[in-house]
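Inspection log for the structure reproduced underneath, given as C-alpha cells.
FYI, it's all coordinate maths here, none of it is from the lab. Because the structure is a prediction, the values reported are computed rather than measured. Ideal geometry is used to build each Cβ from the backbone, glycine not excepted, and the neighbour counts take in all protein chains shown.
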Amino acid sequence: METQEKYLSFNLGAKDTAVISLQNITEVFPVSLAEICAVPQMPSCVLGIYNWRGEMLWLIDLDKMLGYTPLLPEVNLLSKMMVIVLQSNGKSLGLMVRQLMDIELLDTQQIKFPESQLFSPEISSFLQGYFINYFEKMMIALNATAIIQAPIWGIHN
C-alpha cells in the first residue's frame, strides 16, 4: 500500500519547519503587503483580503495565528511574502509565510501524534502530528481543514 504523500515544507517562526499536504494546496504565489486590502475589526492574525483570480481571498499571518512572532512589522510594504492557498470543502484561505522550503515526500505511517506538552495550545488544534526527517529535525504537520474551519473565521466566512 502506498503511504508516501507529498507535502510542502515552509518556515514557521524563526526556527521551526512546518508541512502541509499538497492535496489541500491549490496554489502558491508571492504577494506584497501593499497588494493586501486591510479589513478593520478582524482577528489580529488576519492581514486582509487579496484579489485572487477575481475572487476575494482572506490572507492570514500563519505565524501569528499559531502563537509565533508575527510577520509584521518586520516586513516592509513592498517585500514579497509567499502565500499558500488552501482549499477544503469549497472554502479557500491564504496563509502568508516567511519562506517556502521544498516539496517533501513523507511516509504518512511515520507521522507521530503530538504529546500536548510539545506544542503550545495555539498550535495544538491545528496539528495533524509531526514527522522527524532524516536530519533528526522535527517537521510540524498542519491540518489544512482545521485551519480553514477554525472558529475565528466562523464570524466572517
For this session: Run the numbers on segment 4-154 and let me know its relative contact order in percent, using alpha-carbon pairs under 8 Å that are six or more apart.
Result: 29
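So what is the diffusion coefficient of segment 4-154 in µm² per second by Stokes-Einstein at 4 °C and 1.567 mPa s, using a Kirkwood Rh over Cα pairs?
Reported coefficient: 82 µm²/s.
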Seminar exercise, completed: Here the residues of segment 77-100 lying in the modelled label zone of residue 32, meaning backbone nitrogen under 12 Å from a point 7 Å along Cα-to-Cβ, are 77-81
For this session: Please find the FRET efficiency linking residue 72 to residue 136, where r is the Cβ-Cβ separation and R0 is fixed at 35 Å, and quote it to the nearest 0.05.
Result: 0.60
Problem set entry | Gained length - residue 145 relative to residue 2, 0.36 nm times residue gap less alpha-carbon distance | 49.2 nm
Problem set entry | Estimated inter-spin distance, residue 102 and residue 22, nm [label 7 Å along Cα→Cβ] | 1.4
Problem set entry | Partner lysines for residue 137 [C-alpha distance under 29 Å; skip if fewer than 8 residues away on the same chain] | 6, 15, 64, 80, 112
